[in-house]
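Computed from the coordinates by the stated procedures, all read-outs in this text should not be read as laboratory data. Bear in mind that the values here come from a model prediction, so they are computed numbers and not experimental data. For neighbour counting, all protein chains shown are included, and Cβ atoms are generated from backbone atoms with ideal geometry for every residue, glycine included.
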Amino acid sequence: MPEVKLEAWLEETRQFAPSPAFAADANAQPGIYEAAISDPAAWWRTQAYRLVWDQPPTQTLEWDSPNARWFGDGTLNASVNCVDRHVAAGRGDKVAFHWVADAEGDERTITYRDLLSMVSQTAHALTELGVQKGDRVAVYMPMIPEAVVAMLAIVRVGAAHSVVFGGFSADALASRINDSDCRFVVTADGAFRRGSISPLKPAVDEALASCPGVKSVLVVRRTGAEVGWVDGRDHWWHDVVERQSTTHLPEFFEAEHLLFLMYTSGTTGTPKGIYHTTAGYLVGAATTYFNVLDAKPESDVSWTAADIGWITGHSYIVYGPLINGMTQVLYEGLPDSGGQDRWWRIIEKYGVTVLYTAPTTIRMLMKWGEDIPRAHDLGSLRLLGTVGEPINPEAWMWYREHVGGNRCPIVDTWWQTETGTMMIAPLPGITATKPGAAMRALPGIGVDIVDNDGNSVGNGEAGYLVLTAPWPSMARGIYGDPERFRSTYWSRFPGRYFAGDGAKRDENGDIWLLGRIDDVMNISGHRLSTTEVEHSLVGHPAVAEAAVVGASDELTGQAIVAFVTLKQSALVDGDDQTELIESLRRHVATTISPIAKPRQIILTPELPKTRSGKIMRRLLLDVAEHRSLGDVTTLTDPTVVNMIATLMTSHSANDD
Ligand code: PRX
């Protein structure tokens, strides 16, 4: 990697103008913002015609904060919108999914007609097992086509899915099943991860020991591993689904019918079941997929490299792309299943045009070095997206240069499980982009950045991100806890949605996300974002990844402790390590301010991450403050944090 200074990049590449070639053909055309701003509800009413309805809505919005009803008198079926409509329109032979297994050479092609047959059979099977309109069904699956099929079949019969990421433990699964009183579970015997089997059915069995309400479990045979069996409760997919009719007459449901629950962590310990309803959510998913990921169903091969166990998989693998009739890659494995070049081989083989992934993955790919993507033809790519956390400018530039060949626009999309779909992002072809900035509110979305009293802050000032008006895909609640919904999101600034993120507008009014409010530090009375310091550290040529926490400090209130992984090419030890730490501290002081200079930098081979790839700053804070460690069960590798604690005690503070 050439030695390029972050500041120099920002200077040179402060802004990328929309590419005229992209703009000419982009779905989102100039005028879109103005149309939406002048009358957002009317604009959303127009977007509702992206869906096929049984009873088209005559109403748009009823709003009594925090309760919203969108398109209230419409009726529709979500799975018809994703599948039947395309077959009915003569596109049954179009590929819906190129499924790529963890193991090399194991691939399946599924057309929209295949998908309709599979969803229909599964809908019949669910009905046979007793699933009814209004039930909740837990889905605990690997990334296989049956996972998508199960979701669509569940909503086809008017039930709601609650997908639990396959990496969660039995306890986590049990608490989610019980919280929403799921009576059915769809799972597989296991999943493949880098060639080895991770069991799923055994975790379900363990979970169900404390879930007496569950009546039936439908199990896909994926790995062939021996699994325990409870007669009468457990059913093999191939026994129950494959003998069913491939045609299924759908029912239609009300616009505000519960579509799914998605559990997510909040500031308190218990995960909350975020409640999404049918029509508004689908309108949001379809519209944002069309405009931001520039859906071109005739020519695109899209790849949202996320797990269906998270909201990104729901909105941008299942609902958004399928409503738009896209051809997608669905990949079961890890980025390095079968080698660190696996992603690039998949892109090359299928001619992937749109790639949407998380900054943490980009940084991992970056750590492996640009020689790996360089050895592949990535010329089919035309648009790149990121989601999930603030992207540091260095990763953004690497993505642009080494993946996008400096020709693909990058859409940095800010949103949350609770928002359902993208809220802040550039529109490719219209909005200029800046490395690290999510830029501006999407059409139909109202955003503001406010101070403690709810007043808008000026450009250049950090504040709380709020959404100022209801939007179709907004969460309708927290399952079983309307009060928590109101108090978490709608009471801090009444009538406005409190996102829990910090943000600021730059001198041009473009929006930069600063991370969760809980990660904002106060150093000697100066507010600094952990993200800002991390950006700076990652901007140093030696650094691959960095996590920063504000540890309590007698003198300054909080002081910065940074945990840093180095690029393979920059690994050093002994005196060289001390020197490198000093140069990193100086680097932060010069790129941000001497106030931001970390008190201590710990060089570590790895950072503790959850199975969804998020760095566990809470645990790092425990380490930094020499406390006993909290819950480490959600980590991919719980030993990492102990190793860091040992490193921490063997390093003294790098004080001046
Ligand atoms: O802090 C923001 C961060 O992720 C949070 C939402 O997490 P979750 O509900 O798991 O959804 C992730 C996928 C949508 C937000 O509160 N976040 C998400 N996208 C971005 C982001 N932070 C900065 N930039 C983003 N593009």
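Per residue of the chain, what 222 nm ellipticity follows from adding -39500 (n - 2.57) for every DSSP H run with n ≥ 4, rounded to the nearest 500?
-7500 deg cm²/dmol
Pick out, from Thr360, Ser569, Trp99, the residue whose Cα sits farthest towards the positive end of the charge dipole of the chain, with +1 on the Cβ of Lys and Arg and -1 on the Cβ of Asp and Glu.
About the Cα centre, the residue reaching furthest to the positive side is Trp99.
Run the simple label-point estimate for Ala209 and Ile37 please: 7 Å along Cα→C-beta, distance reported in nm.
Here the modelled spin labels are 6.0 nm apart.
Which of Asp377, Asp506 has the fewest other C-beta atoms within 10 Å, and how do the rest follow up to the most?
Fewest-to-most Cβ neighbours within 10 Å comes out as Asp377, Asp506.
Compute the distance in nm between two label points, each set 7 Å from the Cα along the Cα-to-Cβ direction, one at Asp336 and one at Thr649.
2.9 nm
Rounded, prolate or oblate: which one fits segment 428-488, using the alpha carbon gyration tensor with axes a ≥ b ≥ c (rounded when a/c is under 1.5, else prolate when a/b beats b/c, else oblate)?
Oblate, because a/c is 1.5 or more while a/b does not exceed b/c.
When the Kirkwood hydrodynamic radius is evaluated over all pairs of different C-alpha atoms of segment 524-650, what value in angstrom, to one decimal, is obtained?
One over the average 1/r among Cα pairs gives 14.8 Å for segment 524-650.
Give, rounded to the nearest 20 debye, the magnitude of the charge dipole that segment 524-650 has about its Cα centre when Lys and Arg contribute +1 at Cβ and Asp and Glu contribute -1 at Cβ.
That gives a dipole near 420 debye.
How high is the FRET efficiency between Arg374 and Arg194 when r is their beta carbon distance and R₀ equals 30 Å, given to the nearest 0.05?
Using R0 = 30 Å, I get an efficiency of 0.80.
Tell me which of Tyr497, Thr417, Ile478 sits at the most positive position along the dipole axis of segment 405-497, charges placed on C-beta atoms (Lys, Arg +1; Asp, Glu -1).
Going by the Cα projections, it comes out as Thr417.
Beyond 32 Å between alpha-carbons counts as too far, so tell me which of Lys504/Lys597; Lys272/Lys434; Lys201/Lys272; Lys133/Lys609; Lys349/Lys434 fall in that bin.
Cα-Cα > 32 Å for Lys272/Lys434; Lys133/Lys609; rest within.
Can you give the local net charge around Ser315? Use residues other than it whose beta-carbon is closer than 13 angstrom to its beta-carbon, Lys and Arg +1, Asp and Glu -1.
The answer is -2.
If you take every residue apart from Gly339 with its C-beta less than 11 Å away from the C-beta of Gly339, what net charge results, scoring Lys and Arg +1 and Asp and Glu -1?
0
If you stretched the chain out fully between Arg243 and Thr636, how much longer would it get, using 0.36 nm times the residue separation minus the C-alpha to C-alpha distance?
That works out to 137.6 nm of additional length.
Given axes a ≥ b ≥ c from the Cα gyration tensor, I'd like to know whether segment 275-315 is rounded (a/c under 1.5), prolate (a/b larger than b/c) or oblate.
Verdict is oblate for segment 275-315.
To the nearest 0.05, how large is the calculated FRET efficiency for Glu104 and Ile592 if R₀ is 35 Å and r is the Cβ-Cβ distance?
Plugging the Cβ-Cβ distance into 1/(1 + (r/R0)^6) gives 0.20.
Going 7 Å from the Cα of Trp63 along its beta-carbon direction, which residues of segment 433-452 have the amide nitrogen within less than 18 Å of the resulting point?
441-450
Indicate, rounded to the nearest 5 percent, the antiparallel portion of the DSSP beta bridges found entirely in segment 6-503.
Rounded to the nearest five, the antiparallel share is 50 percent.
How would you rank 422-433, 240-251, 186-197, highest first, on the average number of other Cβ atoms within 10 Å across their residues?
Going by the mean number of other Cβ atoms within 10 Å, highest first, we get 422-433, 186-197, 240-251.
Out of all Cα-Cα pairs in segment 274-384, roughly what percent, to the nearest whole number, are more than 17 Å apart?
Roughly 55 percent, once rounded to a whole number.
Given a cut-off of 11 Å, what percent of all Cα-Cα pairs of segment 472-516 lie beyond it?
Value for segment 472-516: 72 percent of Cα pairs lie more than 11 Å apart.
With just the Cα atoms defining each centre, how far is segment 554-616 from segment 379-445? Give it in Å.
So the two Cα centres are separated by 27 Å.
For the Cα atoms of the chain, what angle does the longest principal axis make with the long axis of helix 145-156, in degrees from 0 to 90, nearest 10?
Between the helix axis and the principal axis of the chain, the angle is about 60 degrees.
For the pair Ser552 and Val457, what calculated FRET efficiency results from E = 1/(1 + (r/R0)^6), where r is the Cβ-Cβ distance and R0 = 30 Å, to the nearest 0.05?
For Val457 and Ser552, the calculated efficiency is 0.65.
For the chain, list log₁₀ I(q)/I(0) at each q in 0.06, 0.09, 0.10 Å⁻¹, using the Debye formula over Cα point scatterers of equal strength and ignoring solvent, two decimals each.
Results for the chain at q = 0.06, 0.09, 0.10 Å⁻¹ read -0.32, -0.74, -0.93.
How large is the dipole of the chain about the Cα centre if only Lys and Arg carry +1 and Asp and Glu carry -1, each at its Cβ, rounded to the nearest 20 debye?
Dipole of the chain, to the nearest 20 debye: 1040 debye.
Between Leu621, Val80, Leu383, whose Cα lies farthest towards the positive end of the dipole of the chain when Lys and Arg beta carbons carry +1 and Asp and Glu beta carbons carry -1, centred on the Cα centre?
The residue sitting most towards the positive pole is Val80.
Taking the Cα centre of segment 400-519 as origin, sum charge times position over the Cβ atoms of Lys and Arg (+1) and Asp and Glu (-1), and report the length of that vector in debye to the nearest 20.
360 debye
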